[in-house]
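Inspection log for the structure reproduced underneath, given as structure tokens.
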Amino acid sequence: MKSNKVVSLLKDLGLLLYAMFALFPLVWLVIISFKHDREMFNTTFIFSPTLDNYRVLFSSGEFIGYFVDNLIVSVGAIILSIVVGVPAAYALARFDFKGKESIAFTFLSFRFAPEILVVLPIFLIYQKIGLYDTYFGLIWIFQVVSLPLMIWILRGYFEDISVEMEHAARLDGYSWWQVFIKMIIPLIKPGLVASSLLSFIFVWNNFTFSLLLAGQKVTTTTVAMLKYVSSDTVHYGQMAAAVLISSLPIIILALAIQKHLVRGLSMGAVKG
Amino acid sequence: MAELILKDVCKIYYKNKKPVEAVKSLNLKCRDGEFVALLGPSGCGKSTTLRMIAGLEDITSGDIYIGDRRINDLHPKDRNIGLAFENYALYPPLTVYDNIGFNLRAKKIPEKQIKEEIHKIAELLDITDLLDMKPAALSGGQKQRVNIARALIRRPEVLLLDEPLSHLDGKVRQKMRTEIKHLHTEINCTTIIVTHDQLEAMALADRIAIINQGVLQQFGTPLEVFNNPVNEFVAGFIGEPPMNIFNVVAIMENGILHFKTENSLIKFVVPEKYIRFVKEGEKYRFGIRPTDITVCREDDSYTVKTKVSVFENLGEECRIHIRLDNDNILSVVSSEIFHFKYGDEIKLKFNPERIHIFDCKTGQRIEKALQMT
Amino acid sequence: MANVRVEGIKKSFKKETVLSDISFEVKDKEFFVIFGPAGAGKTTLLNIIAGIYVPDEGHVYLNNKCIDHVEPEDRNVAMVFEDYALYPHLTVFDNIASPLRSPRYKQPEEVVKREVTRVAEILKIDWLLDRNPSELSNGQRQRVGLGRALIRSPEVFLMDEPITHLDAKLRHQMRAELKDMQRNLDTTTIYVTHDYLEALSLADRIAVINKGKIEQIGTPEEIYYKPANEFVASAFGEPEINIFNAEVVKENTELKLSIFGRKKIEIPKNIQKLVAEKEISIVRVGIRPKDIKYGFIQKNENCIIGKVYSFEPLGAKAILTVQVHNQLVQLLVPSDSEIQLNQEIFIEIDMEKTIFFDSVGNNLLASYSNVERKGVAWQN
């Protein structure tokens, strides 16, 4: 019995150490966001906290613009992938057609290629067709990031719903569309919420595409970070503050629907 | 070949830190060469009992003996028990031959002897033609034969069969049942079968142990449990179609005790053998098997005049259903084929010898319930 | 008034033929059972009638109008599904109410409420109305599924193995309940099952299908006593009918049968005539387990000697399996019979009750239906 207690104590200690290791960058970020540039390099934990960095951030109004840009492209991408992804996932789950599995795999494979590999050709294409540095251009490319995840999660959900249930509803007097809206959408809701949220996080944090396919008229927060690097100095404090502010929506979202997220990803449509 | 004895065997396991008594003080004595069925609804503790005998599960308290060997602390492989798993559990990459021989090889028995043994057992189970096949190519019934062959190859003292027919359907199931019954007469090895299907238990076993909620209800031959169920649970569990069981009140009429349903649809004299147990004004549970009611023409004291609610002709037999009240239907099974339709008036004769009376509260057979108090 | 007719239905999935050339007509108010083993194509056929699948060839008629191009929601049929197909996110009440709230069969909310209560009371699920399907037992789910179909008055009820998932005892009870309900409903019903007891008990007529083809259509009486072939004969009855080869031999002027290679057994005159006319030398003889007698002494010349192979009591009755000449013969006997395993036994086949099949196509030659009316009568 005694040794059991020691073991569990050691386990807790190990977990604590790991938690410190994992959380340290975040803590460090918070700390430097309250530091003045002067104290940046000569203090560690003891310094006189200041809100200057935040003040600078919001005084110019520029940052708010980046934030809004980021919101527009992320939400746009998610809406587009819901509109495309839900029917696609349904088709993959329900219908039998030639090359079904290959198509499903192709969707997933969008996530395989490193972004940097595809971004150059896309850059050239975008310039040619005038999508470079536009909202739609970014939404278009972000949708490629979020769609595969959406399709793969939702396909599982659709497969869990028995075909007979759909048939039953048809015979009850509902048309196919009514069945889809009234019976099926409520059942895939947890999956829809979870996958939308996850996709939102991926898209919101994307850097490569935002940097190379936009930057002047449309600037996302991730790219905006670079603006704090000037030719002679790096404004670490302001950068940290900007990072914190821009990750706020995601943190809030994640906390708010944490329960749904876990449930949505780990359970099917019909259980529970 | 040996006896199998379970003495006060208990099993307690913990679920969410709360103790659950899966098996409560189980006592069983299976004779040498006997075929015993552990029968009960799912979750009654029968599989746990089997797993304890096999050594796959710890015994919380009590003892298990094979012959005079106490096997509680023996490793499963040293208990000399053959277990045929419910889902066959054959090794997919091995042929049937290697599946059956797997165990002997592990014991380092000479290859020639293994070959002999396998062929002997394969002949017994009629799977000689299948020896070179892989499990995936076999039908359900064939897999079950291989499964049993693998359990028998160790020449066990006790053979354990865990729901051997549950994965087979319809006709194959019935054929396999006959096969297993015949096999037992050939090998004559003490055999325990776990099943939730009362027909299977009745058909196969010499004696049946009926378990409910971890407690042994009755241990007897198929005919004993069928004809003399000790309580309402056993009465309802054994027999298909199930026994008709409904509420009656004992009333006095013209100085004679009568049983009567609430709506007086059924009313007749309390049979001789129950008179000393039945009290006037008390409620009882009245049971009679559908086969113990016959359609008759003349009246006597056990005749009920009623109307047919539903009539079914099933070829081998016909079934007549009479609605007693909103919740209860009285079923009658007759091997003589009649021709009735809804609303026909008929007379039914209850066989007074085959009436079962149970205590309303405890569900015990009335003779027993009185002995106990 | 509703009659259903299907004509030349063919359907295949991915080159695998599921149904080939199915035609039949279901009369108004008839209870029509489609019976067959698993994988016979029964459910596909029902789904075609419901409009869920489109047949590759053939037509479906409702009241003599072709409904091939009518959407399922517009066919006015109600269906009960094998796995219930309840809406998991709705309560029992909302599940049952669903048809009356649909655009096609919309009713005012107070009518919905009244009807749901009425149906729930009939099915004895009125105390479950607020629950979710996940909180119900299989028997209760099945009642909800039935309720959803019963709440409106469709032209046709389609039922796909509605009581398959219940245990034997509940099935016995539900079958009686269904039959009772059927009398009150009086609506054309097509019922799919693989349980021969359900088919015999409920049906006005039965269509036996196997591997996508119809083997026989007939009343329960015809199916049981005059099976069109060996498949139908062995599908109805448990234990299944014993069928074995018999040689026709001539003794003096009488034609007799030699079964198991040795005995000369007398056969009824009409069958002798038939065999003589068709010049048949080998027939297949079918005899149901309850029509074989047994004894321990040789009572007459027709007795065949065998050995007890197994004896399985099943309550009031028992299955006795006798090994005769390397073949197993099954008998239905009272379970209190005193029988020892491996003991010698004599069986006697009641030749008046045998069914004869031809040895090539295994189709019906003759059955004892000419005599059966004396002792046997069927419902309807």
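Sort out for me the strands (runs of 3 or more DSSP E) sitting completely within segment B:259-354 that have 3 or more residues that are closer than 19 Å to B:Pro241 by Cα.
B:283-288, B:293-296, B:310-313, B:318-323, B:329-334, B:345-350
Being in a strand (DSSP E or B) and among the polar types (S, T, N, Q) is the filter; apply it to segment B:240-258 and report the residue that is nearest to the other protein chains (Cβ to nearest Cβ).
Only one residue tops the list, namely B:Asn244.
Let me confirm something: among B:Asn244, B:Asn188, B:Asn212, which residue is in contact (Cβ under 8 Å) with a residue 60 or more places away in the chain and more than 30 Å from B:Leu160 (Cα to Cα)?
Exactly one of B:Asn244, B:Asn188, B:Asn212 is in contact (Cβ under 8 Å) with a residue 60 or more places away in the chain and more than 30 Å from B:Leu160 (Cα to Cα), namely B:Asn244.
One residue is enough: does segment B:340-358 have a residue meeting the conditions farther than 23 Å from B:Gly236 by Cα, within 10 Å of another protein chain (Cβ to nearest Cβ), buried (at least 19 other Cβ atoms within 10 Å of the Cβ) and of a type outside the set (Lys, Arg)?
yes
Would you confirm whether or not segment A:149-171 contains a residue that is at pLDDT below 90, within 14 Å of chain C (Cβ to nearest Cβ) and farther than 17 Å from C:Ala85 by Cα?
Within segment A:149-171, none of the residues are at pLDDT below 90, within 14 Å of chain C (Cβ to nearest Cβ) and farther than 17 Å from C:Ala85 by Cα.
Hand me the list of helices (runs of 4 or more DSSP H) wholly inside segment C:123-234 holding 1 or more residues that are β-branched (Val, Ile, Thr).
C:138-150, C:220-225
In segment C:295-313, how many residues are at pLDDT 90 or above and buried (at least 19 other Cβ atoms within 10 Å of the Cβ)?
Counting residues in segment C:295-313 that are at pLDDT 90 or above and buried (at least 19 other Cβ atoms within 10 Å of the Cβ) gives 7.
Looking at C:Thr43, C:Thr91, C:Thr117 in this structure, which one is without any contact (Cβ under 8 Å) to a residue 24 or more places away in the chain and touching an Asp or Glu at 6+ places or on another chain (Cβ under 7 Å)?
Exactly one residue qualifies, and that residue is C:Thr117.
Pick out the one residue from C:Glu155, C:Glu177, C:Glu161 that is more than 10 Å from every other protein chain (Cβ to nearest Cβ) and more than 13 Å from C:Val80 (Cα to Cα).
The match here is C:Glu155.
Return the residues of segment C:22-44 that are on the phi < 0 side of the Ramachandran plot and more than 14 Å from every other protein chain (Cβ to nearest Cβ); say none if nothing qualifies.
Within segment C:22-44, C:Ile22, C:Ser23, C:Phe24, C:Glu25, C:Val26, C:Lys27, C:Asp28, C:Glu30, C:Phe32, C:Ile34, C:Lys42 qualify.
Just the residues that are in contact (Cβ under 8 Å) with a residue 24 or more places away in the chain and surrounded by 18 or more Cβ atoms within 10 Å (Cβ to Cβ), please, taken from segment B:250-264.
Of everything in segment B:250-264, those that are in contact (Cβ under 8 Å) with a residue 24 or more places away in the chain and surrounded by 18 or more Cβ atoms within 10 Å (Cβ to Cβ) turn out to be B:Ala250, B:Phe259, B:Thr261.
Mind counting the residues in segment B:124-158 that are not basic (Lys, Arg) and not in a loop (DSSP other than H, G, I, E, B)?
Residues in segment B:124-158 being not basic (Lys, Arg) and not in a loop (DSSP other than H, G, I, E, B): 18 in total.
Going residue by residue through segment C:189-205, is there one that turns out to be within 14 Å of chain B (Cβ to nearest Cβ), farther than 30 Å from C:Glu7 by Cβ and surrounded by 19 or more Cβ atoms within 10 Å (Cβ to Cβ)?
Checking segment C:189-205: at least one residue is within 14 Å of chain B (Cβ to nearest Cβ), farther than 30 Å from C:Glu7 by Cβ and surrounded by 19 or more Cβ atoms within 10 Å (Cβ to Cβ).
When only residues in segment C:326-349 that are part of a loop (DSSP other than H, G, I, E, B) and in contact with a Ser or Thr (Cβ under 8 Å, 6 or more places away or on another chain) count, which is farthest from the other protein chains (Cβ to nearest Cβ)?
Taking the candidates together, the pick is C:Asn342.
Hey, can you tell me all the residues within segment C:13-41 that are assigned to a strand (DSSP E or B) and surrounded by 16 or more Cβ atoms within 10 Å (Cβ to Cβ)?
Scanning segment C:13-41 gives C:Val18, C:Leu19, C:Ser20, C:Ile22, C:Phe24, C:Val26, C:Phe31, C:Phe32, C:Val33, C:Ile34, C:Phe35.
For C:Pro220, only one of the following conditions fails: (1) under 12 Å from the mean Cα position of the chain (by Cα); (2) without any contact (Cβ under 8 Å) to a residue 40 or more places away in the chain. What is its number?
(2)
Condition (residue is buried (at least 17 other Cβ atoms within 10 Å of the Cβ), aromatic (Phe, Trp, Tyr) and out of contact with any Asp or Glu (no Cβ under 8 Å at 6 or more places or on another chain)) applied to segment A:209-227: is it met by at least one residue?
no
I'd like the full set of residues that are hydroxyl-bearing (Ser, Thr, Tyr), assigned to a helix (DSSP H, G or I) and surrounded by fewer than 15 Cβ atoms within 10 Å (Cβ to Cβ), limited to segment A:59-93.
A:Ser59
Over 30 Å from C:Pro133 (Cβ atoms), of a type outside the set (A, V, I, L, M) and in contact with a Pro (Cβ under 9 Å, 6 or more places away or on another chain), is that true of A:Arg111?
Criteria met by A:Arg111.
Would you please name the residue that is farthest from C:Tyr225 (Cα to Cα), looking only at residues in segment B:302-321 that are facing chain C (nearest Cβ under 10 Å) and touching a residue at least 24 places away in the same chain (Cβ under 8 Å)?
Once the filter is applied, the top-ranked residue is B:Ser309.
Looking at B:Ile114, B:Ile118, which is the one that is touching a Phe, Trp or Tyr at 6+ places or on another chain (Cβ under 7 Å), surrounded by 15 or more Cβ atoms within 10 Å (Cβ to Cβ) and hydrophobic (A, V, I, L, M, F, W, C)?
Criteria check complete, one pass: B:Ile118.
Here is a check on your reading of the model: is C:Phe296 within 10 Å of chain B (Cβ to nearest Cβ) and under 30 Å from B:Glu186 (Cβ atoms)?
Here the answer is no, as C:Phe296 does not meet what is asked.
Which one of the conditions (1) buried (at least 21 other Cβ atoms within 10 Å of the Cβ); (2) of a type outside the set (Phe, Trp, Tyr); (3) closer than 19 Å to A:Glu62 by Cα does A:Ile188 fail to meet, given that it meets all the rest?
(3)
Quick one: which residue in A:Val86, A:Val75, A:Val56, A:Val27 is within 30 Å of A:Tyr228 (Cβ to Cβ) and at pLDDT 90 or above?
A:Val75
Right, C:Glu16: free of Cβ contacts under 8 Å to residues at least 12 places away in the same chain and under 28 Å from the mean Cα position of the chain (by Cα) or not?
Here the answer is yes, as C:Glu16 does meet what is asked.
Of the numbered conditions (1) surrounded by 20 or more Cβ atoms within 10 Å (Cβ to Cβ); (2) within 11 Å of the chain's Cα centre (by Cα), B:Leu216 fails exactly one; give the number of that condition.
(2)
Which numbered condition in (1) of a type in the set (D, E, K, R); (2) surrounded by 23 or more Cβ atoms within 10 Å (Cβ to Cβ); (3) touching a residue at least 24 places away in the same chain (Cβ under 8 Å) is the only one that C:Asp130 fails?
(2)
Step by step: first the residues of segment C:67-82, then only those that are among the acidic types (Asp, Glu) and crowded, with 17+ Cβ neighbours inside 10 Å, then the one that is farthest from the other protein chains (Cβ to nearest Cβ). Which residue is that?
Ranking the candidates gives C:Glu82 first.
Taking B:Arg285 as the residue in question, decide whether it is at pLDDT 90 or above and either of a type outside the set (Ser, Thr, Tyr) or surrounded by fewer than 16 Cβ atoms within 10 Å (Cβ to Cβ) (or both).
yes
The values are calculated or read from the model by the stated rules, or taken from the named source; none is laboratory data. Owing to the predicted nature of the structure, the values given are computational and were not obtained by experimental measurement. Heads up, the Cβs are rebuilt from the backbone with ideal geometry, glycines too, and the neighbour counts pull from every protein chain shown.
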